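Enquirer: Sharing a structure with you now.
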Amino acid sequence: MAQLLPDKIITRVTNDWAKSYPNAQTDTDAYVIGAKVIDVRRRAKVLLIDLSSEYSLVIHLKMTGQLVYRGAGVAFGAGHPNDSLIGKLPDKSTRVTIEYSDNSKLFFNDQRKFGWVKLYPTTEVPNIDFFKKVGPEPLSDEFTQADFRQRFLRRPNTNIKAALLDQTVIAGVGNIYADESLWGAKIHPTSLVRDLSAAKTNKLYKELRYVLNLAIEKGGSSDRNYVNAEGKKGSYLSFARVFRREGQPCPRCETAIVKTRVAGRGTHTCPKCQKS
DNA sequence: CACTTGACCTGTCCGC
DNA sequence: TGCGGACAGGTCAAGT
């Protein structure tokens, strides 16, 4: 995305599901049509496309959203090299289509319709409720072990998995990387935050950063249909130690991985390695 | 206030 | 094969 979009000029934005582009209206076109893409950024799980109009498209993929970019012509239909992963576009999951002056298109596809594309003045983005409350980026250089522990201790009476998933504590950790990092740190997901020693939270800090870096290197976790902007799948799940591995042997101790429900989410643990 | 649960949606899978 | 229910990568609002 960051390589594909800059300098492209938007000529049209259409949406097939109102909630996927909730502030779409004719007067928003004034800030979008004819605008040039200046930059593509990310904060937490949100993507920002900054435009020359000083407005930004703010995009959240939620569970099943995906952004797929295609050049003009044959790329929209049969014969595209990515057809085995995702076929002709738009398709029945296409919610928003952004067209550019070179006739390329960016498709926002989202089977479950939880994701969205919103438009805000670029200077207002930091004032969106979500961005005011969201926690620090766990991979940033300034984010230390001590910061990590201190952030968690704001939620002393909840379990560590709920705290890991809480975007106001730490940004960007979802269900997969929560399970994976807890396994790495040998912490049971139901452990109360207040009961975790500094040694444990330090270990979790290291494991979380390891897991996130590995996931980035592998192109993320394509659960089923997910593809990136170039139509490619990520491969992290083939490296996962516990996530979606119920009944398979723990890579450390061979004990069968179990699946339970913690913080309302499917949760995978090794019952021997992660006792507390 | 801190914390948990249900709602938002479509599609798939599993048991009857 | 059909049908009901549970579940799926995330976040809010409403509930306790």
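Enquirer: Can you show me the helix-derived [θ] at 222 nm for chain A, built from DSSP H runs with n ≥ 4 at -39,500 (n - 2.57) apiece and divided by the number of residues, rounded to the nearest 500.
Expert: -5500 deg cm²/dmol
Enquirer: How compact and how long is the stretch A:10-133, expressed as Rg and Dmax of its alpha-carbon atoms in Å?
Expert: 14.4, 45
Enquirer: Sum up the charges of everything whose Cβ sits under 10 Å from the Cβ of A:Ala2, counting Lys and Arg as +1 and Asp and Glu as -1, but leave A:Ala2 out.
Expert: Taking every Cβ under 10 Å from that of A:Ala2, the sum is +1.
Enquirer: Run a plain Debye calculation on chain A (Cα atoms as equal point scatterers, no solvent) and give log10 I(q)/I(0) at q = 0.10, 0.12, 0.15 Å⁻¹, rounded to two decimals, same order as the q list.
Expert: Log10 of I(q)/I(0), two decimals: -0.59, -0.82, -1.13.
Enquirer: Please express the Cα-Cα pair-distance distribution P(r) of the stretch A:127-276 as a list of whole percents, one per 10 Å bin, running from 0 to the bin with the greatest distance.
Expert: All Cα pairs considered, the percentages come to 11, 40, 36, 12, 1.
Enquirer: Mean 1/r over all different Cα pairs, inverted: what Kirkwood radius does the stretch A:137-185 give, in Å?
Expert: Mean inverse Cα-Cα distance, inverted, gives 11.1 Å.
Enquirer: At a 10 angstrom cut-off on C-beta neighbours, averaged per residue, how do the peptides A:157-167, A:14-24, A:172-182 rank from highest to lowest?
Expert: A:172-182, A:157-167, A:14-24
Enquirer: Another question, then. Picking from A:Pro121, A:Ser93, A:Val40, whose Cα lies most toward the positive end of the charge dipole for the stretch A:10-133 (charges on Cβ: Lys, Arg +1; Asp, Glu -1)?
Expert: Projecting each Cα onto the dipole axis, the largest value belongs to A:Ser93.
Enquirer: What lysines sit close enough to A:Lys275 to cross-link, taking a C-alpha to C-alpha distance under 26 Å and skipping anything fewer than 8 places away on the same chain?
Expert: Once the sequence-local lysines are set aside, what remains near A:Lys275 is A:Lys161, A:Lys186, A:Lys200, A:Lys203, A:Lys206, A:Lys259.
Enquirer: Give me, ordered by chain and number, the residues 5 or more places off A:Cys250 or on other chains with an amide H under 5 Å from its own placed amide H.
Expert: Amide H to amide H, under 5 Å and 5 or more residues apart or across chains, A:Cys250 pairs with A:Thr255, A:Ala256, A:Ile257.
Enquirer: Now, a different point. For the stretch A:202-238 and the stretch A:86-112, what is the separation of their Cα centres, given in Å?
Expert: 24 Å
Enquirer: What number comes out for the charge environment of A:Ile33, summing +1 per Lys or Arg and -1 per Asp or Glu over other residues with Cβ under 12 Å away?
Expert: Net local charge, A:Ile33 excluded: -1.
Enquirer: Using packing as a proxy for protection, rank A:125-134, A:27-36 so that the peptide with the highest average count of other Cβ atoms within 10 Å comes first.
Expert: Ranking, from highest mean packing down: A:27-36, A:125-134.
Enquirer: On to the next question. Work through the residues other than A:Phe130 whose Cβ is under 10 Å from its Cβ and net out their charges, Lys, Arg +1 and Asp, Glu -1.
Expert: +3
Every read-out reported here was derived from the displayed coordinates using simple, explicitly stated rules and does not represent laboratory data. All values reported here derive from a predicted model rather than from experimental measurement. Glycine also receives a Cβ, built like all others from the backbone with ideal geometry; neighbour counts cover every protein chain displayed.
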